[in-house]
Amino acid sequence: MKKTVIALMLSFLSVSLFAQNQPAPKGAYLYIGWPNNGEVISGGKPIRVWFGLRNMGVAPKDVKFPNTGHHHLLIDTDLPPPGEVIPSDRNHLHFGAGETETQIELPPGKHTLQLLLGDDKHYPHNPPVYSKKITITVK
């Protein structure tokens with residue numbers, strides 16, 4: 001029984017470590033195509049946000065293919081710690097079907113937006129591939 005538990009723990013640990021180390025190619029570049037940094041947007045309607053990625057491809061969650069990942073939009077928050085799974089909540093939106101744009105609704109005020117690419121299991125790549133953080137104002 002003890003050997004079985006140890007074997008299961010080692011198996012889980014190796015899977016966890018492997019999921020956290022998906023390499024990112026040199027020159028991978030993630031960016032927000034719209035809105036632009038400093039943009040002032042009228043509120044009361046959804047805001048279109050589109051994602052750009054160079055030197056990598058987009059693949060849905062659970063699809064493991066070299067040099068690919070899927071987008072995560074971070075709203076009014078900082079990047080998660082390296083090596084940890086990207087949270088899924090109102091500040092960390094997952095686009096696991098491979099989407100490259102979305103529409104979001106934000107209350108009036110200043111907001112930050114940033115993209116982070118995740119691997120097939122929602123871990124950042126090594127090194128992490130993320131966009132510049134932009135600030136927008138919703139009126």
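Taken together, the values in this text are just the output of simple stated rules run on the coordinates, not laboratory data. Keep in mind that this is a model prediction, so the values were computed, not measured. Here Cβ is always computed from backbone atoms with ideal geometry, including for glycine, and neighbour counts include all displayed protein chains.
The local environment of ALA97, defined by Cβ-Cβ distances under 13 Å, has a net charge of -3 under the rule Lys, Arg +1 and Asp, Glu -1.
Computed over the alpha-carbon pairs of the range 2-138, the distance histogram in 10 Å steps reads 12, 41, 28, 13, 5, 2, 0 percent, short to long. For ASN37, neighbours were defined as the other residues whose beta-carbon sits under 13 Å from its Cβ, and their charges (Lys and Arg +1, Asp and Glu -1) total +2.
How are the C-alpha pair distances of the range 72-138 spread across 5 Å bins, as whole percents from the shortest bin up? Distribution as computed: 4, 16, 29, 27, 14, 7, 2, 0 percent.
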